[in-house]
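Step one of this worksheet: look at the structure below.
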Amino acid sequence: MRRYLVAVAGALAYGIAASSLTAQGFGLYEHGSCVMARAGAGVAAPCDDASGIFINPAGLTDRRGWTFTAGATIISAFGDFTNDTTGVQSELGNDPITVPHVYIAYGFDDRWAAGVGLFVPYGLGTRWPLSFEGRFAGYDNDLRTVYVQPTLSVKPHPMVALGFGLDVAIGEVELNQRLDFFDQAVPGAPPGVIAGQLGIPRNTEFMDARLTASGATGIGAHVGVLFEPTEQISLGARYITRITLDYDGEAQFRQIETGLILPADNPLAPGMGPVPLDAIVLGLMAPGGPFANQPASTSITMPDQFVAGIAIKPTPELTLLADWQWVHWTVLDTIALSFDNVATPTSLPQNYHNTNGIRLGVDWRATDRWSFRGGVLTHTEASPAETVTPLLPESDRNEFTLGVGVRFTRQFAGNFTYQFVAQNDRRGRMRNPLPGEDPIDLNAGVYEFAGHLFGISLTWKP
């Protein structure tokens, strides 16, 4: 039964890895509707709200007094998987997800400013129907990581600003997976013999596994710089360090009756007459058994990332922006996960590769009251071909944004944005590999994914 805990470990680890994707996979970069409307470009010219705490902390200078910004991004994702052999299409059943952001900044004078931000950079999920064969890798998954980011900004020179501070990350994850008895190792048999070789049909559901992990915490740091050599040109950069999150979770199991009767003297029940398979499974749920509820733990390193950009103002009302983003994904090489009822930790290769993204945006202040924005972005995928699963059906993406800003009063303003996500189709698998199987050989269909995002941010400057 250790093999099943390894499979469950794989689902948990892949799910946690998915939650750590930033600007790829299930990561989020939309933490302020103004900069979201520019396709996320703004490291060289943060918006005139408090979202610079996330985009570039150096952008908090040149303001006095309080700035409060709060809002949310509503994400409506849709997609499907088409099986190569059967042609059956299984559709993703996600409900819209609301991801909040809150920023508070205070400018002491023309040189010093401070602030704190709260946002959810990793917070999506996947929900697949139980008719989908991919339920054996994961069918209902929620991944959330909250960042609290205190920041200090200083302007030591009229053309240079610096920002720095801490990143406190708090993560939790919930994954639900069905288990297939077909893949079960046979006790006492030679290694590699599984129940499917004894006549157990594939997709014999016998257990529902639910994995929850909370209390994952880690601390990192961020630093940003702005350089404005002229009134028309500004350059910016931001670096965020890697963060290691320690997840402490629990595996919970619920039996699903199969109704199968094993013949007499079956290797799964040697020396016994005909016996229900469900009775054997029930015995494995006893305290200390492989399917008893038990703790599980792992550590995941969130990668460091670097963003650099330029902003050009052909006129005082028009700003053109371009950002390049690099994420150090090779730090996610292998994940080790431990179960209480398994003597040795499970080592799960991830083999992620570094990613690059380009963000292009335009910001036009049409009047003192109205602003219009738009942008386009593209980035590469982080996951290799062997880890494209129902938990993380990720690929290269192109995204397009439009937004409007309106100043209701001198103190109160709002920004509203629409963003469309177009992900390239990508081949992937529906189940986790057995020992000796090449995961790429299991890629048996095509994942399609797209999404609509709606952002709103309100800013108050008393």
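Key figures
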{"item": "Descending principal axes extents, the range 136-202, alpha-carbon based, whole Å", "result": "77, 25, 19"}
{"item": "Accessible area of the chain belonging to carbon and sulfur atoms, whole % at 1.4 Å probe", "result": "61 percent"}
{"item": "Relative packing of peptides 203-210, 61-68 - highest average C-beta neighbours within 10 Å first", "result": "203-210, 61-68"}
{"item": "The range 202-325 pair-distance distribution - Cα-Cα, 10 Å bins, rounded %", "result": "11, 21, 16, 13, 13, 11, 9, 5, 1"}
{"item": "Rounded Å value of the spacing that divides the Cα centres of the range 48-120 and the range 363-393", "result": "12 Å"}
{"item": "Column: log10 I(q)/I(0), Debye, Cα scatterers of the chain, q = 0.06 Å⁻¹", "result": "-0.31"}
{"item": "Computed log₁₀ I(q)/I(0) - Debye formula, equal Cα scatterers, no solvent, the range 365-462, q 0.13 Å⁻¹", "result": "-0.62"}
{"item": "Radius, Kirkwood style, for the range 85-221 when every pair of distinct Cα atoms is counted (Å)", "result": "19.4 Å"}
{"item": "Per residue convex hull volume, Cα atoms of the range 311-414, in Å³", "result": "171 Å³"}
{"item": "Peptides 329-335, 160-166 ordered by average Cβ neighbours within 10 Å, highest first", "result": "160-166, 329-335"}
{"item": "Debye, to nearest 20: dipole size of the chain, +1 on Lys, Arg Cβ, -1 on Asp, Glu Cβ", "result": "1240 debye"}
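The values are calculated or read from the model by the stated rules, or taken from the named source; none is laboratory data. Every value quoted in this text rests on a predicted model; they were computed, and no experiment measured them. No Cβ is skipped: glycine too gets one built from the backbone with ideal geometry, and neighbour counts run over all protein chains shown. Just so you know, the surface numbers come from the protein's heavy atoms only, side chains and all, with ligands and any DNA or RNA stripped out. Shrake-Rupley method; radii C 1.70, N 1.55, O 1.52, S 1.80 Å.
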